[in-house]
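The values are calculated or read from the model by the stated rules, or taken from the named source; none is laboratory data. Note that the structure is predicted; figures quoted are calculated from it, not measured. A quick note on method: Cβ atoms are made from the backbone with ideal geometry, for glycine too, and the neighbour counts reach across all protein chains shown.
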């Protein structure tokens with residue numbers, strides 16, 4: 001069977017879409033029954049064209065460790081420790097570094113983990129998605 005350019009482009013598009021969105025999951029990082037969104041805080045990584053972050057773990061609960069793997073964590077309000085992997089560059093040449101930050105999460109809030117690798121160091125921060133206030137680390 002001979003594949004046309006149009007068909008092969010469509011197949012590549014489908015595989016690419018499955019690869020990118022197949023890695024998105026939400027993990028409950030607390031014990032007990034699942035609580036409603038307004039009772040928990042959400043911590044999520046960011047993915048950009050050059051810089052992205054992966055949440056390696058929250059309070060000892062491990063996340064995914066693949067380069068393209070968005071894992072969102074739900075946590076109870078209070079103090080949390082987040083291990084973050086910052087990734088910068090284009091495949092096959094990219095740089096990764098890890099750093100750990102702690103912050104006080106509030107119920108009903110979504111926190112965005114941002115980061116990049118510059119001069120061999122992980123520059124990471126966590127910000128409240130509603131207010132854009134940095135709650136841990138330092139934005140650069």
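Below are the figures for this structure:
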read-out	value
Where residue 97 falls short, out of the listed (1) modelled with pLDDT of 85 or more; (2) surrounded by fewer than 17 Cβ atoms within 10 Å (Cβ to Cβ); (3) not in a loop (DSSP other than H, G, I, E, B)	(2)
Region 102-116, residues that are buried (at least 19 other Cβ atoms within 10 Å of the Cβ) and without any contact (Cβ under 8 Å) to a residue 60 or more places away in the chain	103
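A quick yes/no check of all residues on (1) within 22 Å of residue 25 (Cβ to Cβ); (2) part of a strand (DSSP E or B); (3) touching a strand residue (DSSP E or B) at 6+ places or on another chain (Cβ under 9 Å):
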{"residue": "73", "(1), (2), (3)": "yes, yes, yes"}
{"residue": "80", "(1), (2), (3)": "yes, yes, yes"}
{"residue": "86", "(1), (2), (3)": "yes, yes, yes"}
{"residue": "101", "(1), (2), (3)": "yes, yes, yes"}
{"residue": "104", "(1), (2), (3)": "no, yes, yes"}
{"residue": "108", "(1), (2), (3)": "yes, no, yes"}
{"residue": "112", "(1), (2), (3)": "yes, yes, yes"}
{"residue": "116", "(1), (2), (3)": "no, yes, yes"}
{"residue": "123", "(1), (2), (3)": "no, yes, yes"}
